[in-house]
Amino acid sequence: MNATATEAEIARLWELACVYVQFNLIPQAIATLEAVCGAQDVERMGAATQQIVYQANVLLAEICVVMSPTETDRMDRKLWRKRLARAERCIYVVEQALQAKQAIMEHEWHCRLFKSKYLLMEVSSINRTVKDRHILEILCAAISKCAELDKDANLPQAPEAASSTEFKNYFLGKLRKHLVKLHTTSILAKHSENSEIHSGFLQHVQYVQKCFPHQYDASFQLWLIEVAYHAYAASFYFSGGHESSNAIRAADDFFKNASLHSSASREMRAYHLVISGFYFLRIGEIKKISPILDEIKALQSAPDVKPTGILKEPYLDSIVDGLKLNVMACNDPCEALTLSMKAIHHVQANLQTYALNKSIRMMLVATLFDMLYLHCRLQAQQCRYFEFGLSISQMIHLFSSYKSILEPTIFYQFFVAKCHIAVAKYAVSIGRVKETVFNVNYVVEKLLPPIAVSATSYSDSYLSVWVEALDILMYCGSAADPSFSISGSSPSGLQVRQICPNPVLLEFGARILEMEGLRNLIYNGCSVELRAKYDLALAKWLWASHELATNPSLPGNNLGLGHHAYLESLRPSMLSVLHESLERMSTHVSCSETMAELMALFGPKLLDYGKTDNGEETLKNAIRIALHGKNILLQSRLLVEIFRLYSIKHLVDAQATTAEKYEKKVKLLQKRIAQAQAEKATSKLILKWKSGDLLDNNSNAASAKPQSCPSGKE
């Protein structure tokens, strides 16, 4: 435009440009707006004319950035870049004027400016991390502006101006969508980048919380606090430290307080309950999960209220099944084994239902593998080694089937480790020490992130794998050794002898127990269950090393154990370690398997200290739990200690009865082991498996249907 153009001409051109926009005559609108934006000596013009020029810059920027993505074919790439550059210049001009307080714009044009900046940033090609942060900054600034302007009831607006509510909803919607996108990216990122991406997501959420206007749009704030809660509680990289726990508690308190003042929807309440369930599962507060499951069920089945949102989605049932399984596995392992079969079939059906929904499908795949792993663990716990082998073969077959989905995600390395841990558990159960060492060593050396002595944070998902590795290395598997025999020179021809871990595995376990960094992470963490299982492994090592030292005839004892000064220094405190672990478990977890294992070590220590009555009560409680859980191996071990108890009390008849029970249990245990060992095809398939190997689809063991328990009696 000619520098001598009058203010009246600028006003007429502006009116004409608005008409062109109204009738979608974009090329004409752009040409007219260019004329207005090209006006010189704007600062010398009247306030009304200046306002027109700056509004024209905003409108031109908006048109350029909105229209550009629709013209990205090969012929228009140059035009696209030109328009984006023009939009950037227009935005710069207006922002400079605003900073210099030369421009005065109505509410609508402030919002349009933020919208243009947001759209321009969306199509920019800068670094992804920087871009994501800039988008959040723009959206938060836009929402803050909406909140600031909304407070001024006397704010003048042109009659045709878009309502404040429309822009508010636009920016809130974009912010919600962007955070969901960032969260999905953090989950579906390649595992080599996980920790950094996850940390970045948490920082993004914290930034939004800090910048979001106080007491503005309560429903969005509730959603935002749930995103933060979700990021902490359900994230794969939840560190389990006190900082995370404090943040989670703060989020929970905020939700409760906010929902009092603005009634949270039933869907939001269900979402909050699910996340709370995940959190309690992560820290081992199993007792707190059951009330949550009851409340979710009540929300789903509320009379006269049609389920909406998450409450009507089938995937919620799979999430609830997963939480329920973990609770039942602690309280009623046999019932949990039955439920796990149904839950696995249900989640597989849901995978078909949500095949096109990337995020939900990924969540269901992770849920499926958690259920399969738990199913395998329950079978191993009941010493059903034949069925255990079949279930592992099914799990690694499904792992191969879903490898393409898992491999690019944060879950891949974790589930590879879990598969190897399951294989190692099977190997130690049937006496294959070499394969046990290989799989555990592969997990420790190749899959788990290293732990520095000074480490203060570490993924609790990986910490649980360390503890499971210890559980395998402390497994009492000597009954699978060919040299193990209960025949003796007593009048009954029976020798009541203890079933102990293998010395080679004990030596391996000692090296892990001596890791100061691991010990500090577990003791300073928030998971009661992990702490108890770690203490159980430590106590088991102290017990087993003593048994091997005092019983040279035990299988494999000719190998001997190395000297482990630190572990030996803990031997005098073994009783207090067991006692404290039992107290923590009874208060928070009430896990029958771990409780019984702890009691199996605590009872004999009480006997050693002359507390016969307390020791007897502890052992009898442990045997009741072992019988309820059908754990034949633990029953056999406990019968050895009860036999010793009756020897102390000089109860000859009770000793004889106990010896008979012991003989039956050991024979049944060895029968189960032999049955699994005889299934050579399954054993070969499992023990030769390496991460991601494809299995023969025609193999009978590769069926995706979990096997039911045999009907034979204990």
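Can you tell me which residue within the stretch 261-287, out of those that are among the basic types (K, R) and in contact (Cβ under 8 Å) with a residue 60 or more places away in the chain, is nearest to D217 (Cα to Cα)? It would help to see each step written out before you state the result.
Going residue by residue through the stretch 261-287, those that are among the basic types (K, R) are 266, 269, 282, 287.
Subsequent filtering for residues that are in contact (Cβ under 8 Å) with a residue 60 or more places away in the chain retains 282, 287.
On the way: R282: 31, K287: 35 Å.
Filtering the stretch 261-287 for residues that are among the basic types (K, R) and in contact (Cβ under 8 Å) with a residue 60 or more places away in the chain, the one nearest to D217 (Cα to Cα) comes out as R282.
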Subject >> Filter result for the condition that a residue is buried (at least 18 other Cβ atoms within 10 Å of the Cβ) and either at pLDDT below 65 or assigned to a loop (DSSP other than H, G, I, E, B) (or both), over S186, S235 >> reply: S235
Original post:
Within the stretch 146-153, is there a residue that is closer than 20 Å to K177 by Cα, of a type outside the set (A, V, I, L, M) and surrounded by 15 or more Cβ atoms within 10 Å (Cβ to Cβ)?
Top reply: yes
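Looking only at the stretch 1-28, count every residue that is small (G, A, S) and at pLDDT 90 or above and tell me the total.
Of all residues in the stretch 1-28, those small (G, A, S) come to 3, 5, 8, 11, 17.
Going one step further and asking which of them are at pLDDT 90 or above, we end up with 11, 17.
Counting residues in the stretch 1-28 that are small (G, A, S) and at pLDDT 90 or above gives 2.
Does F388 meet the test of being of a type outside the set (D, E), in a helix (DSSP H, G or I) and either more than 25 Å from V504 (Cβ to Cβ) or touching a strand residue (DSSP E or B) at 6+ places or on another chain (Cβ under 8 Å) (or both)? Before the answer, list the steps.
Values: of a type outside the set (D, E): yes; in a helix (DSSP H, G or I): yes; either more than 25 Å from V504 (Cβ to Cβ) or touching a strand residue (DSSP E or B) at 6+ places or on another chain (Cβ under 8 Å) (or both): no.
Here the answer is no, as F388 does not meet what is asked.
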**OP:** Within the stretch 333-369, track down each residue that is among the charged types (D, E, K, R) and either under 15 Å from V274 (Cβ atoms) or touching a residue at least 40 places away in the same chain (Cβ under 8 Å) (or both).
**Re:** K358, R361
Original post:
Which is without any contact (Cβ under 8 Å) to a residue 40 or more places away in the chain, small (G, A, S) and part of a helix (DSSP H, G or I), of S318, S290?
Top reply: S290
**OP:** Considering each residue of the stretch 506-559, count those that are modelled with pLDDT of 95 or more, in contact with a Phe, Trp or Tyr (Cβ under 9 Å, 6 or more places away or on another chain) and of a type in the set (F, W, Y), and give that number.
**Re:** 1
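Yes/no per residue for (1) surrounded by fewer than 23 Cβ atoms within 10 Å (Cβ to Cβ); (2) assigned to a helix (DSSP H, G or I); (3) β-branched (V, I, T):
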{"residue": "Y523", "(1), (2), (3)": "yes, yes, no"}
{"residue": "Y534", "(1), (2), (3)": "no, yes, no"}
{"residue": "H563", "(1), (2), (3)": "yes, no, no"}
{"residue": "L567", "(1), (2), (3)": "yes, yes, no"}
{"residue": "S573", "(1), (2), (3)": "yes, yes, no"}
{"residue": "H579", "(1), (2), (3)": "yes, yes, no"}
{"residue": "E583", "(1), (2), (3)": "yes, yes, no"}
{"residue": "M599", "(1), (2), (3)": "no, yes, no"}
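Here's the yes/no breakdown for (1) farther than 26 Å from A233 by Cβ; (2) at pLDDT 95 or above; (3) crowded, with 19+ Cβ neighbours inside 10 Å:
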residue: V433; (1), (2), (3): yes, yes, no
residue: T436; (1), (2), (3): yes, yes, yes
residue: V443; (1), (2), (3): no, yes, yes
residue: P449; (1), (2), (3): no, no, no
residue: E468; (1), (2), (3): no, yes, yes
residue: L473; (1), (2), (3): yes, yes, yes
residue: I486; (1), (2), (3): yes, no, no
Original post:
If you check V327 against the conditions, is it crowded, with 20+ Cβ neighbours inside 10 Å and either more than 20 Å from M363 (Cβ to Cβ) or touching a residue at least 12 places away in the same chain (Cβ under 8 Å) (or both)?
Top reply: yes
Subject >> Subset tally (residues that are more than 18 Å from S647 (Cβ to Cβ) and without any contact (Cβ under 8 Å) to a residue 12 or more places away in the chain) for the stretch 588-631 >> reply: 2
**OP:** Considering (1) more than 12 Å from Y118 (Cβ to Cβ); (2) among the aliphatic types (A, V, I, L, M); (3) modelled with pLDDT of 95 or more, say which one L139 fails and leave the rest.
**Re:** (1)
Subject >> Pair list, Cβ < 6 Å and 6+ apart or interchain, from the stretch 138-149 residues that are without any contact (Cβ under 8 Å) to a residue 24 or more places away in the chain to residues that are surrounded by fewer than 23 Cβ atoms within 10 Å (Cβ to Cβ) >> reply: none
**OP:** Would you mind finding the one in S340, S359 that is among the polar types (S, T, N, Q), over 30 Å from Y475 (Cβ atoms) and not in a loop (DSSP other than H, G, I, E, B)?
**Re:** S359
Original post:
Within the stretch 643-676, restricting attention to residues that are among the aliphatic types (A, V, I, L, M) and under 41 Å from the mean Cα position of the chain (by Cα), which residue is surrounded by the fewest Cβ atoms within 10 Å (Cβ to Cβ)?
Top reply: A674
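Could you please let me know if T353 is more than 23 Å from T184 (Cβ to Cβ), surrounded by fewer than 21 Cβ atoms within 10 Å (Cβ to Cβ) and among the polar types (S, T, N, Q)?
Details: more than 23 Å from T184 (Cβ to Cβ): no; surrounded by fewer than 21 Cβ atoms within 10 Å (Cβ to Cβ): yes; among the polar types (S, T, N, Q): yes.
No: the conditions fail for T353.
Condition (residue is of a type in the set (A, V, I, L, M) and outside any helix (DSSP H, G or I)) applied to the stretch 400-411: is it met by at least one residue?
Step one: list which residues in the stretch 400-411 are of a type in the set (A, V, I, L, M), which gives 405-406, 410.
With outside any helix (DSSP H, G or I) added as a condition, the list becomes 410.
The answer is yes; a qualifying residue exists.
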Original post:
Taking the stretch 59-91 on its own, how many of its residues are modelled with pLDDT under 85 and buried (at least 21 other Cβ atoms within 10 Å of the Cβ)?
Top reply: 1
Original post:
Looking only at residues in the stretch 673-691 that are touching a Leu at 6+ places or on another chain (Cβ under 9 Å) and not aliphatic (A, V, I, L, M), which one is modelled with the lowest pLDDT?
Top reply: S691
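When the stretch 94-108 is examined, which residues are found to be within 14 Å of V58 (Cβ to Cβ) and either at pLDDT below 90 or loosely packed, with under 12 Cβ neighbours inside 10 Å (or both)? Walk me through how you get there before you give the answer.
Residues of the stretch 94-108 within 14 Å of V58 (Cβ to Cβ): 94-98, 103-108.
Scanning the stretch 94-108 gives Q96, A97, L98, A103, I104, M105, E106, H107, E108.
Any residue that is under 20 Å from N326 (Cβ atoms), part of a helix (DSSP H, G or I) and not aliphatic (A, V, I, L, M) - is there at least one of those in the stretch 440-448?
Step one: list which residues in the stretch 440-448 are under 20 Å from N326 (Cβ atoms), which gives none.
No, every residue in the stretch 440-448 fails to be under 20 Å from N326 (Cβ atoms), part of a helix (DSSP H, G or I) and not aliphatic (A, V, I, L, M).
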Subject >> Those residues of the stretch 80-107 which are outside any helix (DSSP H, G or I) and either within 18 Å of A142 (Cβ to Cβ) or β-branched (V, I, T) (or both), in sequence order >> reply: A103, I104, M105, E106
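For the stretch 297-313, state whether one or more residues are aliphatic (A, V, I, L, M), in a helix (DSSP H, G or I) and either closer than 25 Å to I625 by Cβ or free of Cβ contacts under 8 Å to residues at least 40 places away in the same chain (or both).
Filtering the stretch 297-313 for residues aliphatic (A, V, I, L, M) gives 298-299, 302, 305, 310-311.
This time we only want the ones that are in a helix (DSSP H, G or I), so: 298-299, 310-311.
Next, from what is left, pick out any that are either closer than 25 Å to I625 by Cβ or free of Cβ contacts under 8 Å to residues at least 40 places away in the same chain (or both): 298-299.
Yes; the residues of the stretch 297-313 include at least one that is aliphatic (A, V, I, L, M), in a helix (DSSP H, G or I) and either closer than 25 Å to I625 by Cβ or free of Cβ contacts under 8 Å to residues at least 40 places away in the same chain (or both).
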Original post:
Only one of (1) within 22 Å of I472 (Cα to Cα); (2) touching a residue at least 60 places away in the same chain (Cβ under 8 Å); (3) among the charged types (D, E, K, R) is not met by K403, so which one is it?
Top reply: (1)
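The values are calculated or read from the model by the stated rules, or taken from the named source; none is laboratory data. None of these values were measured; they are calculated from a predicted model. FYI the Cβ positions are ideal-geometry reconstructions off the backbone, even for glycines, and counts take in every protein chain you see.
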